[in-house]
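Some notes on the structure that comes next.
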Amino acid sequence: DFAVGRYVVAKTDSGKRFFCMVTDVALDNTNPAIQADPPDISNKFLREVHIGTTVFGKVNIQPMLMIDDQAEAGPKPVKTIPGHFTDVHTATAGDVESVFGKDDDHHFPVGSPLELESTSVNLNLDRLVQRSVGVFGKSGTGKSFFTRLLLAGVIQRKKAVTLIFDMHNDYGYTASDEQYGNTPGLKQLFQNDVAIAVLDPDQARRRNTPVELDVKISYAAIEPEDLAMLQETMELSDAMIDAAYTLHKRWDDQWVSRLIRLTEDDRLDLTENTNLYEGTLKSLQRRVQRFERWGFLVEEAAEDSIQHIMNLLQQGKSVVLEFGKYGNSLDAYILVANYITRRIHSRYVEQMEAAQGKRSDEPRQLMITVEEAHKFLDPAIASQTIFGIIARELRKYNVTLLVVDQRPSGIDDEVMSQIGTRITALLDNERDINAVLNGVSGGSSLREVLARLDTQQQAIIMGHAVPMPVVIQTRDYNVLARTI
């Protein structure tokens, strides 16, 4: 009856309770010969004699925390083990609550332990937003579902404002769900606390989405650093990136517009008076001309979208940026997410430095949610990208990340080490499993647990927001939506 991931408690005579996780279940025997010459189990009496004596089940449990019932302090790290013949029983609701806390202003229920459906596992939201968060899992395991649940908790308990780059319209006004169809998005649940910005207003109108901001980015605002993030997806060579910096230096903020409509005079001027080769220039032009197909890029924007987003965040509103039809273009997603994040972070740095440690003048805690995170945090570029910088800064400027990805092995090791809380659904790639468990205490024993998760609505939570790794059956988002 025991399953991997279940919780048990070993209670000693001295009043100490060891909160443990079942990490493996196996069959064993006292005599290996019984495997080669099994007894006649058609005889019921012989069957009963052998079971529990010559053959038996073996359950491996890993002590995670120790609770001293005679002391006021809460759960402590395990520095010893229970003695021989210590009584072990399945964890009760009271045991789980003593470890993960009660559902209150600081804790948010995200699911229940396996085989304990009536008991809640509560995340410590204060600790969750202190450091960056990662949601990982192979495609179809419910990463977006769990991310939406986390964001709902953060917004409901007002622990942070969030800027969500919504690639596939999973978080805004309505969200798609394989089991329930369309479900309420964050805007429907928190009307006054969430604003929706869009890159594709036509699709938003067709979906009857209430839009706060139609985001437009002018060509003049794009800098070579924004283009450098697209080096892999747009197949830009190092020479093309260098050319972008040369053009920006020569033409200032008109470099993108002039490159798209490159005249013969401009071409001659560049080839004669700079070190640019004509072939490099033409290749870069062909790639940048893709920008003309993106309706959110314009010659001149009517308003400063970045300032509008900053105003919403400072008002305590979380912002969901829906990409609409542009969500199918990874180039567009990377460009916009990097462009906005660089500038929002810059303004947060300015405000934090101007506050000079005065808490009342500091900007609100911000959590930036980004999908396809390995594209922004690849080892080759993570040290230079704004997302890598934010991850390493921890909470220095009141900005953290919530990264969602199906390929955690593609994320830089140093960045992964700075992710405080990791929520992981099923992974079946060995490199991805190693990346998630790297640096986690007792990671080797959790490998079996992670490999045996169900394909949907199960996850293991490790790190800063929980006192110990925990396997959960995730909370039903639609039930949460009805209660809100």
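Among (1) open to solvent by less than 40 Å² (accessible area, probe 1.4 Å); (2) over 23 Å from GLY142 (Cβ atoms); (3) hydroxyl-bearing (Ser, Thr, Tyr), where does THR400 come up short?
Only one criterion in (1) open to solvent by less than 40 Å² (accessible area, probe 1.4 Å); (2) over 23 Å from GLY142 (Cβ atoms); (3) hydroxyl-bearing (Ser, Thr, Tyr) is unmet by THR400, namely (2).
Identify all residues within the range 121-140 that are farther than 27 Å from ILE390 by Cβ and either free of Cβ contacts under 8 Å to residues at least 24 places away in the same chain or open to solvent by less than 10 Å² (accessible area, probe 1.4 Å) (or both); write none if there are none.
Matches in the range 121-140: VAL121 only.
Among the candidates ARG267, ARG290, ARG286, single out the residue that is within 37 Å of the chain's Cα centre (by Cα) and farther than 18 Å from ALA221 by Cβ.
Among ARG267, ARG290, ARG286, only ARG286 is within 37 Å of the chain's Cα centre (by Cα) and farther than 18 Å from ALA221 by Cβ.
With the checklist (1) over 30 Å from GLY357 (Cα atoms); (2) open to solvent by 60 Å² or more (accessible area, probe 1.4 Å) in hand, flag the one item ARG392 doesn't pass.
(1)
Tell me, please, whether a residue that is surrounded by 22 or more Cβ atoms within 10 Å (Cβ to Cβ), out of contact with any Leu (no Cβ under 9 Å at 6 or more places or on another chain) and closer than 20 Å to VAL370 by Cβ can be found in the range 146-159.
Yes, that holds for at least one residue.
Is it the case that some residue within the range 367-380 is touching a strand residue (DSSP E or B) at 6+ places or on another chain (Cβ under 9 Å), farther than 24 Å from LYS143 by Cβ and aromatic (Phe, Trp, Tyr)?
no
Give the range 1-55 a look and list any residue that's of a type in the set (Gly, Ala, Ser) and open to solvent by 80 Å² or more (accessible area, probe 1.4 Å), or say none.
Those that are of a type in the set (Gly, Ala, Ser) and open to solvent by 80 Å² or more (accessible area, probe 1.4 Å): ALA36, SER42.
Given the criteria open to solvent by less than 10 Å² (accessible area, probe 1.4 Å) and either in contact with a Leu (Cβ under 6 Å, 6 or more places away or on another chain) or at negative phi (or both), does ASP166 qualify?
Yes.
Among the residues of the range 289-298, are any in a helix (DSSP H, G or I), touching a helix residue (DSSP H, G or I) at 6+ places or on another chain (Cβ under 8 Å), surrounded by 14 or more Cβ atoms within 10 Å (Cβ to Cβ) and not small (Gly, Ala, Ser)?
Yes.
Quick check, is ARG447 farther than 25 Å from GLY172 by Cβ, open to solvent by 20 Å² or more (accessible area, probe 1.4 Å), in a helix (DSSP H, G or I) and touching a helix residue (DSSP H, G or I) at 6+ places or on another chain (Cβ under 6 Å)?
No, not satisfied.
Across the range 62-117, what is the total count of residues that are loosely packed, with under 12 Cβ neighbours inside 10 Å, without any contact (Cβ under 8 Å) to a residue 40 or more places away in the chain and in contact with a Leu (Cβ under 9 Å, 6 or more places away or on another chain)?
Within the range 62-117, residues that are loosely packed, with under 12 Cβ neighbours inside 10 Å, without any contact (Cβ under 8 Å) to a residue 40 or more places away in the chain and in contact with a Leu (Cβ under 9 Å, 6 or more places away or on another chain) number 1.
Identify the single condition in (1) free of Cβ contacts under 8 Å to residues at least 40 places away in the same chain; (2) part of a loop (DSSP other than H, G, I, E, B); (3) touching an Asp or Glu at 6+ places or on another chain (Cβ under 8 Å) that HIS374 does not satisfy, given that it satisfies every other one.
Of everything listed in (1) free of Cβ contacts under 8 Å to residues at least 40 places away in the same chain; (2) part of a loop (DSSP other than H, G, I, E, B); (3) touching an Asp or Glu at 6+ places or on another chain (Cβ under 8 Å), HIS374 misses just condition (2).
Could you list, in sequence order, all residues of the range 385-411 that are in a loop (DSSP other than H, G, I, E, B) and out of contact with any Asp or Glu (no Cβ under 9 Å at 6 or more places or on another chain)?
LEU394, ARG395, LYS396
Which residue, of ILE217, ILE222, ILE196, is of a type in the set (A, V, I, L, M) and over 30 Å from ARG267 (Cβ atoms)?
Just one listed residue meets the conditions, ILE196.
When you scan the range 311-360, how many residues do you find that are assigned to a helix (DSSP H, G or I), over 18 Å from ARG395 (Cα atoms) and either open to solvent by 60 Å² or more (accessible area, probe 1.4 Å) or without any contact (Cβ under 8 Å) to a residue 60 or more places away in the chain (or both)?
Here the count works out to 3.
Can you say whether ALA435 is at pLDDT 90 or above and touching a Pro at 6+ places or on another chain (Cβ under 6 Å), as far as the supplied structure shows?
yes
Of everything in the range 450-484 that's of a type outside the set (Lys, Arg) and in a helix (DSSP H, G or I), which residue is modelled with the highest pLDDT?
Per the stated criteria, the residue is LEU450.
Just to be sure I understand, how many residues within the range 193-216 are more than 22 Å from ASP304 (Cβ to Cβ) and at pLDDT 95 or above?
1
Report, ordered by the first and then the second residue, all pairs with beta carbons closer than 7 Å, sequence separation of six or more or different chains, a first member in the range 230-245 that is farther than 14 Å from PHE291 by Cβ, and a second member that is acidic (Asp, Glu) and surrounded by fewer than 17 Cβ atoms within 10 Å (Cβ to Cβ).
Close Cβ pairs (under 7 Å, with a partner that is acidic (Asp, Glu) and surrounded by fewer than 17 Cβ atoms within 10 Å (Cβ to Cβ)) do not exist here.
The values are calculated or read from the model by the stated rules, or taken from the named source; none is laboratory data. Treat the numbers as computed from the prediction; the structure is a model and nothing was measured. Backbone-built Cβ (ideal geometry, glycine too); neighbour counts: all protein chains shown. What goes into the accessible areas is simple: the full protein's heavy atoms, side chains included, and nothing from ligands, DNA or RNA. Shrake-Rupley method; radii C 1.70, N 1.55, O 1.52, S 1.80 Å.
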